[in-house]
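All remarks here apply to the structure that follows.
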Amino acid sequence: MTTEVLRSILLANKLGRVKVKWEHDVGENVENVIILGSGPAGLTAAIYSARANLNPLMIEGDEAGGQLMTTTEVENYPGFAKGIQGPELMMVTREQAARFGTRFITRNATKVDLSKRPFKIWIGEQLYQTQTLIISTGASAKYLGLPSEKTFLGRGVSACATCDGAFFKNQQVAVVGGGDTAMEEANFLTRFAAKVWIIHRRDSFRASKIMADRVLKNPKIEVIWNSTIEEVMGEGVVKSIKLKNLLTQKEQVMPMDGVFVAIGHKPNTDLFAGQLEMNDVGYLLTKGKTTYTSVPGVFAAGDVQDPNYRQAITAAGTGCMAAIDAERWLEANGGH
Ligand code: NDP
């Protein structure tokens, strides 16, 4: 696939225009395994469970492919010596899952009932039933919640420096947040931007010392402590931000070309509230070195259960684990 084609897929996906054809298979039968979510974790679970003859059904979501669909070059996924574009990695992995018979539905699940087997999954009015469920719904970047932030999303406001950093060559950008992600994004952005401002609401970073030190030593980065962004302003694209100092309550407007929001991720687990055990911020809890959740027969893989590593390769690894766990669980519980 040419870089041009990939770029247009990437852009179309960002604009919400990629609609993968869906091969709708309305199952009255009870499935062996349904996989929710189609990033590296879900697709790897699909490859393994398809090759184990479990005939998996994947509900891949309206925006199939997960976070890698908004990434450009992936250089740290083993097996690609020269790197690979995120969307292409997801497409070939999907093809690999399809090759072994995975069936796909390109819609979002809207409701689940995990209170007894078979588990019930709804897409609107349509009900699907399954003996085992693999949840790989991933996580999404958090935003500040300002109306102006929404207005300029994709027009200077971004939550992914890797995706959009290169658009800010020799410009001024702000990174919001004080955690490791903010440090990583700020450092990365100095490759392109003339100046990077970190806006943090407190007077110390939450980030690990090594990453914070790297930022503080970088001559292209300056930190604005105890401050928040009150408004993003511009004409068509971002031109400036309104900052508020939380100690003095003073506001000031700063010229700015880009705003990178790096205040953490939210696991996509709203669907399972009250049905599966989660930590205080909503990540699914898994048992020991397995993908078992608090409900027997329901497994979790990828970022939805991982606040720490959040890498494509670790997601894929846990997807493999979930498929093996589901297969063994079915064997032991007479489901297959
Ligand atoms: P964190 O939750 O660690 O940090 C979020 C930061 O955003 C905090 O500084 C927080 O401020 C700030 N924040 C949160 N909400 C708001 C808001 N509404 N307005 C302004 N600021 C806000 O998230 P990260 O994504 O940075 O990291 C998540 C995990 O991933 C961590 O465990 C981290 O170590 C790990 N990680 C590791 C990396 C690595 O090792 N290479 C790279 C990236 C992440 P406050 O501090 O005041 O709460």
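Length gained on full extension, K217 to K287: 21.2 nm, using 0.36 nm per residue less the C-alpha separation.
In the chain, the DSSP beta bridges split such that about 45 percent are antiparallel, to the nearest 5. Using C-alpha pairs under 8 Å with a sequence gap of at least 6, the mean separation divided by the residue count of segment 41-120 gives a relative contact order of 40 percent. Applying 1/(1 + (r/R0)^6) with R0 = 30 Å to the Cβ-Cβ distance of V30 and V92, what FRET efficiency is obtained, to the nearest 0.05? For V30 and V92, the calculated efficiency is 0.45. Over segment 143-261, Cα pairs under 8 Å with separation of 6+ residues give a relative contact order of 31 percent.
The overall shape of segment 143-261, judged from the alpha-carbon gyration tensor, is oblate: a/c is not under 1.5, and a/b is no greater than b/c. Segment E277..F188, full-extension length gain: 28.5 nm, with 0.36 nm per residue of separation and the alpha-carbon distance subtracted. Between T290 and any residue 5 or more places off or on another chain, the built amide H atoms are never under 5 Å apart. Here the peptides 276-283, 195-202 are ranked by packing, the mean other Cβ count within 10 Å, and the order with the highest first is 195-202, 276-283. Taking every alpha-carbon pair under 8 Å whose residues sit at least 6 apart, segment 65-105 reaches a relative contact order of 35 percent.
If the chain linking F167 and D62 were pulled fully straight, counting 0.36 nm for each residue of separation and taking away their Cα-Cα distance, it would gain 35.1 nm.
Comparing Cα centroids, segment 112-145 and segment 173-222 end up 36 angstrom apart. Multiplying each eigenvalue of the alpha-carbon gyration tensor of the chain by 5 and taking the square root yields semi-axes of 39, 21, 18 Å, largest first, rounded to whole angstroms.
Cysteine residues of the chain whose Cβ has no partner cysteine Cβ closer than 4.7 Å: C320.
Applying the criteria of a DSSP loop state and at most 14 other Cβ atoms within 10 Å to the trypsin sites (Lys or Arg not before Pro) of segment 28-108 yields K82.
Laboratory data are not the source of any read-out in this text; all were calculated from the coordinates shown. Computed from a predicted structure; not experimentally measured. Here the Cβ is made from the backbone with ideal geometry for all residues, glycine too, and neighbour counts use every protein chain on show.
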